[in-house]
């Protein structure tokens, strides 16, 4: 069973860490070693810091050790599994072993969080975690639709016509999600909706919501096929709420709703959707194929001349419609270009001379599933050995946005030296295959 004891000084790559107030690896406290995971100690009043393990687990037990050092009864450390609190502590604590939680085989979200009230910081103002033990799991955080401040559009998505959801402007967000647009408007409702494809498999729906509202009056809720599965209100932000529900195969309608009564606004007065996951989002069914003249046999002269094409074809997802850029925003299209990378590139190689100089206008959204990048002439491109280019299609340009996709195949660009393609000399038998120096009229002596 995997054990994470923090001794390598890192946050594990399989963990999902907050973009805002991220957890850190620290030597300030430890239980049995020299390091632990910490909520950082930089969380401000009415804020939180959270870290997650989102995985497809084998059956088995989840264990960890925890220590809280905070203002008693005001600032709390919390551990949840699939949204159910397992630990909630405050004050000047000591290292404690959490009671084991048995996980069934399947998808789960484990959450570690620290949150603060509106004033006062005492002790270390931190929640520490060490010696995390979980069943073997496959990391599925790449399958999550992490909203990241961009309102998803395209097939399946419907935003509220009267009070549309917008990029998050509150201070309580975890991943800069999107927030309901009816804050401050009495007797109103704002709904953001996603309808999954009819071919979606059975599985698990997951979501993360951050909420600040008038307790008992203004609510953030989630409905699946018009049935409410979650509803919550709180006058001050505590920690993000995890929602996990089992769904059957086929199409489902998911509504994220913020409802206000006729009066009273407290806190940020909104619900923030940080991420969600639906079985339709499994990245295993999403692929990207590369074709075009640039993916055939090309050399550096083809790049300096320009005009070669990279054609990207999606299966299982679609490209965003044109916005300020050919695919989504200008920044979205630029992210697509930036995803084409040479692993080892010289000063005048692909990364500096092609990728970093390319403009979004070189890309055309040929159809909902096909994009074409026509590489313009780059006179400064100059390599001495072959480069291999790998394309990674970012979530920024995808409608579902369930995870970045490695496009196949990778392609190569041969170097040209003195009019000959590097590598072809070997095929010709090298200098010896040309008769060598001596074979050219007797070499120097000739």
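Residue 147 - would you say it is at pLDDT 95 or above, surrounded by 17 or more Cβ atoms within 10 Å (Cβ to Cβ) and touching a strand residue (DSSP E or B) at 6+ places or on another chain (Cβ under 7 Å)? It is false that residue 147 is at pLDDT 95 or above, surrounded by 17 or more Cβ atoms within 10 Å (Cβ to Cβ) and touching a strand residue (DSSP E or B) at 6+ places or on another chain (Cβ under 7 Å).
Of all residues in the stretch 225-246 being part of a loop (DSSP other than H, G, I, E, B) and within 23 Å of the chain's Cα centre (by Cα), which is farthest from residue 174 (Cα to Cα)? Among residues in the stretch 225-246 that are part of a loop (DSSP other than H, G, I, E, B) and within 23 Å of the chain's Cα centre (by Cα), the one farthest from residue 174 (Cα to Cα) is 239. None of 398, 336 is modelled with pLDDT of 95 or more and either surrounded by fewer than 22 Cβ atoms within 10 Å (Cβ to Cβ) or not assigned by TED's automatic domain parsing to the domain that holds residue 197 (or both) except 336. Comparison of 58, 8, 45, 19 shows that the only residue that is within 24 Å of the chain's Cα centre (by Cα), assigned by TED's automatic domain parsing to the domain that holds residue 129 and over 25 Å from residue 107 (Cα atoms) is 8.
The residues of the stretch 122-155 that are free of Cβ contacts under 8 Å to residues at least 60 places away in the same chain and either in a strand (DSSP E or B) or farther than 23 Å from residue 31 by Cβ (or both), listed by number, are 149, 151.
When 354, 370, 363 are checked against the criterion of being touching a strand residue (DSSP E or B) at 6+ places or on another chain (Cβ under 9 Å) and surrounded by fewer than 20 Cβ atoms within 10 Å (Cβ to Cβ), a single residue qualifies: 370. Taking the condition in the same structural domain as residue 310 (by TED's automatic domain parsing), modelled with pLDDT of 85 or more, buried (at least 16 other Cβ atoms within 10 Å of the Cβ) and over 19 Å from residue 298 (Cβ atoms), does residue 383 pass? The answer is no for residue 383. Residues of the stretch 25-42 that are surrounded by fewer than 23 Cβ atoms within 10 Å (Cβ to Cβ) and in contact (Cβ under 8 Å) with a residue 24 or more places away in the chain: 26, 28, 29, 30, 31, 32, 33, 34, 35, 40, 41. Among the residues of the stretch 284-295, is any closer than 25 Å to residue 19 by Cβ and either surrounded by 23 or more Cβ atoms within 10 Å (Cβ to Cβ) or under 20 Å from the mean Cα position of the chain (by Cα) (or both)? Yes, that holds for at least one residue. Residues in the stretch 199-219 that are surrounded by 20 or more Cβ atoms within 10 Å (Cβ to Cβ) and in a strand (DSSP E or B): 205, 206, 207, 208, 209, 210, 211, 212, 219. Residues of the stretch 341-372 that are under 24 Å from the mean Cα position of the chain (by Cα) and under 16 Å from residue 410 (Cα atoms): 341, 342, 343, 351, 355.
Matching residues to (1) surrounded by fewer than 16 Cβ atoms within 10 Å (Cβ to Cβ); (2) more than 21 Å from residue 11 (Cβ to Cβ); (3) in the same structural domain as residue 398 (by TED's automatic domain parsing); (4) touching a helix residue (DSSP H, G or I) at 6+ places or on another chain (Cβ under 8 Å):
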| site | (1), (2), (3), (4) |
| --- | --- |
| 93 | no, yes, no, no |
| 97 | yes, yes, no, no |
| 101 | no, yes, no, no |
| 105 | yes, yes, no, no |
| 108 | no, no, no, no |
| 130 | no, no, no, no |
| 153 | yes, yes, no, no |
| 162 | yes, yes, no, no |
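Candidates 328, 391: the one that is in contact with a strand residue (DSSP E or B) (Cβ under 8 Å, 6 or more places away or on another chain) and at pLDDT below 95 is 328.
Out of the residues in the stretch 401-424 meeting the condition of being surrounded by fewer than 15 Cβ atoms within 10 Å (Cβ to Cβ) and modelled with pLDDT under 80, tell me which one is nearest to the chain's Cα centre (by Cα). Here the residue is 423. Can you find a residue that is more than 28 Å from residue 48 (Cα to Cα) and either assigned by TED's automatic domain parsing to the domain that holds residue 15 or within 21 Å of the chain's Cα centre (by Cα) (or both) anywhere in the stretch 199-213? The answer is yes, given that some residue of the stretch 199-213 is more than 28 Å from residue 48 (Cα to Cα) and either assigned by TED's automatic domain parsing to the domain that holds residue 15 or within 21 Å of the chain's Cα centre (by Cα) (or both). The listed residues are 249, 190, 196, and the only one of them that is more than 24 Å from the chain's Cα centre (by Cα), at pLDDT 85 or above, crowded, with 16+ Cβ neighbours inside 10 Å and closer than 30 Å to residue 318 by Cα turns out to be 190.
The listed residues are 222, 158, and the only one of them that is assigned to a strand (DSSP E or B), surrounded by fewer than 19 Cβ atoms within 10 Å (Cβ to Cβ) and out of contact with any helix residue (DSSP H, G or I) (no Cβ under 7 Å at 6 or more places or on another chain) turns out to be 158. Residue selection: residue 173 fails the criterion of being more than 30 Å from residue 315 (Cβ to Cβ), modelled with pLDDT of 90 or more and either within 20 Å of the chain's Cα centre (by Cα) or assigned to a loop (DSSP other than H, G, I, E, B) (or both).
Could you please let me know if residue 68 is surrounded by 14 or more Cβ atoms within 10 Å (Cβ to Cβ) and either closer than 28 Å to residue 279 by Cα or assigned by TED's automatic domain parsing to the domain that holds residue 208 (or both)? No: the conditions fail for residue 68.
The values are calculated or read from the model by the stated rules, or taken from the named source; none is laboratory data. Since the structure is predicted, the reported quantities are computational estimates derived from the model, not experimental observations. Here the Cβ is made from the backbone with ideal geometry for all residues, glycine too, and neighbour counts use every protein chain on show.
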